[in-house]
Every structure is written in C-alpha cells, then in structure tokens.
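Reviewing the structure listed below.
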Amino acid sequence: MRLSKARKALYYSVASICAMGVLGGGTASAQMFNGWAYSGGITLVTDYRFRGISQSTNDPAFQGSLSASKNGLTVSVWGSSVEGFADTELDFIVDYGFSYGENSINVGAIYYSYLGADDLGYAEAYATWSRSFDDWTVGLANYISPDFFGMSGVATYSEANASYAFSDAISVTGRYGWQYVEESSVYGVPDYGSWSLGVAYTPNKFTFGVTYEDTDLSDSECGDACDGMVVLSLSFPL
C-alpha cells in the first residue's frame, strides 16, 4: 500500500526525531559527553512558515532537532514535515558563536535537504549580530546562497529583529526580513518582505508560542501560502 505524501512526511519526521532522541540519550536538558553539550527538542506547529511562506500548505507540522556544542562551535540537525513539494525537510547546520564586548556574533552554514525532492536542496552561509540592553535584545542577520531553492540562482535574505523579556517565562519577539532571489521566476514568487510578531510562554520545560506571520505578496503572486496567519506552537526538550 502506498503512503500519501502527508503520511510519508509524518513518517520520516517521526523517524528522524526518534533517531535524534536515541543519539541524544533521550535527555530533557543539555548533557555533557567528552566536553560536548548535547541537547534536543520537538515542536508541534499549526503551520510551518519559513520567511513568511507556508511549507506545509497551511497545515500542522511536526519538527525535531538535535545539537552538539563545544567551545562556541555547534553542530545541529533539524527536521520538519512539509507538504506539497517534498516528503520531509532535513537541515544540517554548523555554527560558531562568540562575544565581542556586549555584542554576540554567530557565523555558519546551513544545508537544506528535502527527502523525495533532491533537486530542491541548497546551501546558505550566514552571519548574525545581537546585543542585549536590560530586557531588550536587538539583532541583525544576513544569509546568502550561491544557488537557492530549486536551482533559482544567487539569493540573499536580510533581517532585523528584536525581543523583549517581561520575565523569565514570558517574552515577545518581532522581525522584518527581505528575500531576494536572482531567478525569481524559477523560485516561484518575486522578491518580497516578510514579518512576524510573537509571544512565547515558558512556565516550565515546555514553551507555548503564538505568532502572527505575514508577507507583502499578493494572492496572485503566492496564493494563500503567503497570507497572514496566526501560528500556534508547542515545544519541549527531549
């Protein structure tokens, strides 16, 4: 019996997350091994949005991650169910973070792979900066890809973001980003702006989030995948 694309997406995501749990020892918080700190988590979202565009056709998605960190270097795997163009997304991330005075800087690279649609995979390099002022944190980020999603050419994504912590348990976050793609006709939508505003509540080990996501793309340019949407999320550590 053949599985539907949605069921295959869920199957691969669960399998990936279970593998992460085994590798991470099934622990609920970061654990040390040979000087490396390991951590992981799973998230349920009512819609998987990437830079404002739905990757799950406005349906729920199941996501998981595993990270290993040592001396500022972090190696991560992140996975999510997707729908409409592939079975599952798996991202492989290498990040190096350091501080310069009151500034936090991260540089790294991401490879985005799509099970069931190998020709869509691509790589990005990035650099981010952030600084905290009391309960505020502000940041900038820039990503560049030599050949973006679906072989659509050189692409850049630039973002400004900010967050405010009301307490250890409650915070709000906002961002504005601009996506440029050299061959936008291949990518499927023109260059566009996206933004979000969200609230996160972490009473214990789990985090509940409510985020509004939107873009400046019209229905004729993107359909309902880019319409404004309130996204609910529930995250907890492995």
Of the residues in segment 111-122 that are surrounded by 14 or more Cβ atoms within 10 Å (Cβ to Cβ) and in contact (Cβ under 8 Å) with a residue 24 or more places away in the chain, the one that is nearest to the chain's Cα centre (by Cα) is Tyr112
Has segment 127-137 got at least one residue that is under 16 Å from the mean Cα position of the chain (by Cα), within 28 Å of Ser113 (Cβ to Cβ), of a type outside the set (S, T, N, Q) and loosely packed, with under 15 Cβ neighbours inside 10 Å?
yes
The strands (runs of 3 or more DSSP E) lying wholly within segment 1-89 that contain at least 1 residues that are under 30 Å from Gly193 (Cα atoms), among the hydrophobic types (A, V, I, L, M, F, W, C) and at pLDDT 60 or above are 36-45, 61-70, 73-81
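Quick grid of which residues meet (1) modelled with pLDDT under 95; (2) over 28 Å from Thr43 (Cα atoms):
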{"site": "Leu140", "(1), (2)": "no, no"}
{"site": "Gly153", "(1), (2)": "no, yes"}
{"site": "Phe166", "(1), (2)": "no, no"}
{"site": "Ala169", "(1), (2)": "no, no"}
{"site": "Val181", "(1), (2)": "no, yes"}
{"site": "Leu197", "(1), (2)": "no, no"}
{"site": "Thr202", "(1), (2)": "no, no"}
{"site": "Ser220", "(1), (2)": "yes, yes"}
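Among what's in segment 209-238 and is in a strand (DSSP E or B) and of a type in the set (D, E, K, R), pick the residue that is surrounded by the most Cβ atoms within 10 Å (Cβ to Cβ). Walk me through how you get there before you give the answer.
Step one: list which residues in segment 209-238 are in a strand (DSSP E or B), which gives 209-215, 229-237.
Applying the additional criterion that residues be of a type in the set (D, E, K, R) yields 213-214.
On the way: Glu213: 23, Asp214: 17.
Out of the qualifying residues, it is Glu213.
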Ser171: passes all of (1) out of contact with any Ser or Thr (no Cβ under 7 Å at 6 or more places or on another chain); (2) more than 30 Å from Ala117 (Cα to Cα) but (1)
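The values are calculated or read from the model by the stated rules, or taken from the named source; none is laboratory data. What you see is a predicted model; the values in this text were computed from it and never measured. We place every Cβ from the backbone using ideal geometry, glycine too, and count neighbours over all the protein chains shown.
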